[in-house]
Every structure is written in structure tokens, then in C-alpha cells.
Amino acid sequence: MWLRTGCNITFDVSIDTPFILMLRPRSGLNQWVARESYTIKPSVLAVEYTDNYGNLCQRLVAPPGEFSIRTSADILTADSINVSPGAPFEDVQNLPDEVLTYLLPSRYCESERFIDLGQEIVAGALPGYDQVAAIVAWIRTNIRFNSESTHFQLSAVEVNQQREGVCRDLAHLGIALCRGMCIPARMVVGYLHKLVPMDFHAWFEAYVGGRWYVFDATQPYPIGGRVTVAYGRDAADVAIFNQFGPALFPREMSVHAEMLDSAPD
């Protein structure tokens, strides 16, 4: 399916403020970017680089006054996601080098504290994909997805205590539980077609059966229509923007992910 995705973000800036933005999706095995626009007003020098996870990042300094970012991209992506019950667990000694970092505890995913709970949740499940599916089913049953949750950047431990959270929080818990079972798991942020309310979305992927699979505890069943913007260990690695200096929050922000009737010209 073809999706037109993008966002409009506006800040009121009081002093020269350095930003790192992470708003450009890139083409890969699961998506193809056919057209893209990226507009910054006022126009300032921006330097792009690729971070340690392959994400496209833009560095700039926003001047005082109104500062806005507008992006748009036409992207070919799958209208469904792959599911593979029975896909086997990968022994750690056989994992690719680049996957190993996703086994380790990280800022928001204290996986070493979820070993016992994880073993309880996956009891009886086949090692690998079925264990991750059991973890996701447990989160859906026990953790309330609340898109209006006011909790700020919860860690997996805090999400488990609060028993509710936004998509990012549920992903943190799923990642921590997987890593506690020695299953590599990584955070994904991007767009999801028909998400309600529409916003940037977060989910996670787990590495089993020799590849990454999508898991999303906020949705009642596996659905496609996803556009990935960034991968990382947790939310600290995939923020759509980081600014340095006095705290800034967007004055306005809108996100869209609309299906196109046909491929763009």
C-alpha cells in the first residue's frame, strides 16, 4: 500500500537553540520512499548524519522566534505484517554481532529486573516467536493502553507498577520482558495508518527465527500500514527531536498517514 506520511511542528524559540531532529524515513527491506519533502522555516543550515542505529538525523540551530518543520513522504509499505508462530529462539552465541546490543538493559528497559516475571508469562510457550506473542498478550491483558496518559517517559519497571501507559511505555515493557528471556528486542517509532488518535506511534520488534518481527501491544491483532522512522534500544534513541537549552515544547504539532489511491507520479 502507498501512504503519504508527514508532520507539522512549530516551536516558539526564545534564544538560539540547537536541535537534533529524527524525522526522515529511509528506504529499506520493508518500505520504499518514492517522494519526500522537508521544509524548515526560517531556513537555516542543517547537517545530516546517520546515527549508530542507521537513523537519519538532522543537526541545526533554531533562531529566536517562530520555528517550524514540515515533512511529507510518499512511501510504499506492506498492508500486513509477517507473523510466524513457531519461529525458533536464536541462541545468543549464534546471533549476528549487530543484534547483540538489543539484548542488554537500557535506560528505559531494565531487562535484568524482568527475568522472573518473564519466565512466568512464557511458561508453556515454545521458545522464540511464541514466547514474544505470550508477552504481548499478557501486556494487553494487564497493562491499560491510554493514549492520554500524562506520565512522563516511564521505564518498564514504572509501567509495570502504574499498569497503564502510552504506546512508547507498552513497547518498553515488551522489550524489557523479551530481553529478560534473552530475545533481542528493539524500539521502533514511526507512523501507523488509521491510528486513533493520529500521532507518531511506537512499537517493538523481536529477533527470532533469524529475522526481526513486529509486535504491537496497543493493537488487538497484527496490522500493517506502518512506516518506520527510527530504530533504537528504547525511547532515548528514537526521539523525533532533541533540543538543548531551556526546555521547549511544540506550540503546534500534527501528524498524518493517509492511504493513496495509486503510486505517486
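What tally of residues in the stretch 135-184 results from selecting those that are within 17 Å of Tyr213 (Cα to Cα), assigned to a loop (DSSP other than H, G, I, E, B) and either acidic (Asp, Glu) or in contact with a Cys (Cβ under 8 Å, 6 or more places away or on another chain) (or both)?
Total meeting the criteria: 1.
Can you name the residue in the stretch 85-134 that is among the acidic types (Asp, Glu) and in a loop (DSSP other than H, G, I, E, B) and, of all such residues, is nearest to Val157 (Cα to Cα)?
Ranking the qualifying residues of the stretch 85-134, first place goes to Glu110.
Taking the stretch 238-259 as the region of interest, how many residues are of a type in the set (D, E, K, R) and part of a strand (DSSP E or B)?
Here the count works out to 2.
Within the stretch 72-87, is there a residue that is of a type in the set (S, T, N, Q), closer than 28 Å to Phe249 by Cβ and not assigned by TED's automatic domain parsing to the domain that holds Val122?
Yes, the stretch 72-87 contains at least one residue that is of a type in the set (S, T, N, Q), closer than 28 Å to Phe249 by Cβ and not assigned by TED's automatic domain parsing to the domain that holds Val122.
If you check Tyr108 against the conditions, is it of a type outside the set (Lys, Arg) and either touching a helix residue (DSSP H, G or I) at 6+ places or on another chain (Cβ under 7 Å) or at positive phi (or both)?
Spelling it out, Tyr108 is indeed of a type outside the set (Lys, Arg) and either touching a helix residue (DSSP H, G or I) at 6+ places or on another chain (Cβ under 7 Å) or at positive phi (or both).
Of (1) farther than 26 Å from Asp234 by Cα; (2) without any contact (Cβ under 8 Å) to a residue 40 or more places away in the chain, Val47 satisfies all except one. Which?
(1)
Just wondering, is there one or more residues in the stretch 66-76 that are surrounded by 14 or more Cβ atoms within 10 Å (Cβ to Cβ), at pLDDT 95 or above and either touching a helix residue (DSSP H, G or I) at 6+ places or on another chain (Cβ under 7 Å) or within 23 Å of Arg211 (Cα to Cα) (or both)?
The answer is yes; a qualifying residue exists.
Return yes or no: is Arg179 more than 13 Å from the chain's Cα centre (by Cα) and of a type in the set (Lys, Arg)?
yes
Assess whether Thr17 counts as being modelled with pLDDT of 95 or more, within 19 Å of Phe244 (Cβ to Cβ) and in contact with a Gly (Cβ under 6 Å, 6 or more places away or on another chain).
yes
Got a sec? Which of Gln31, Gln58 is without any contact (Cβ under 8 Å) to a residue 40 or more places away in the chain and surrounded by 11 or more Cβ atoms within 10 Å (Cβ to Cβ)?
Within the list Gln31, Gln58, the selection yields Gln58.
Condition (residue is in contact with a Phe, Trp or Tyr (Cβ under 8 Å, 6 or more places away or on another chain) and under 28 Å from Asn142 (Cα atoms)) applied to the stretch 109-122: is it met by at least one residue?
So far as the stretch 109-122 goes, yes, one or more of its residues are in contact with a Phe, Trp or Tyr (Cβ under 8 Å, 6 or more places away or on another chain) and under 28 Å from Asn142 (Cα atoms).
The values are calculated or read from the model by the stated rules, or taken from the named source; none is laboratory data. Predicted model only: the values in this text are computed from it and were never measured. Here Cβ is always computed from backbone atoms with ideal geometry, including for glycine, and neighbour counts include all displayed protein chains.
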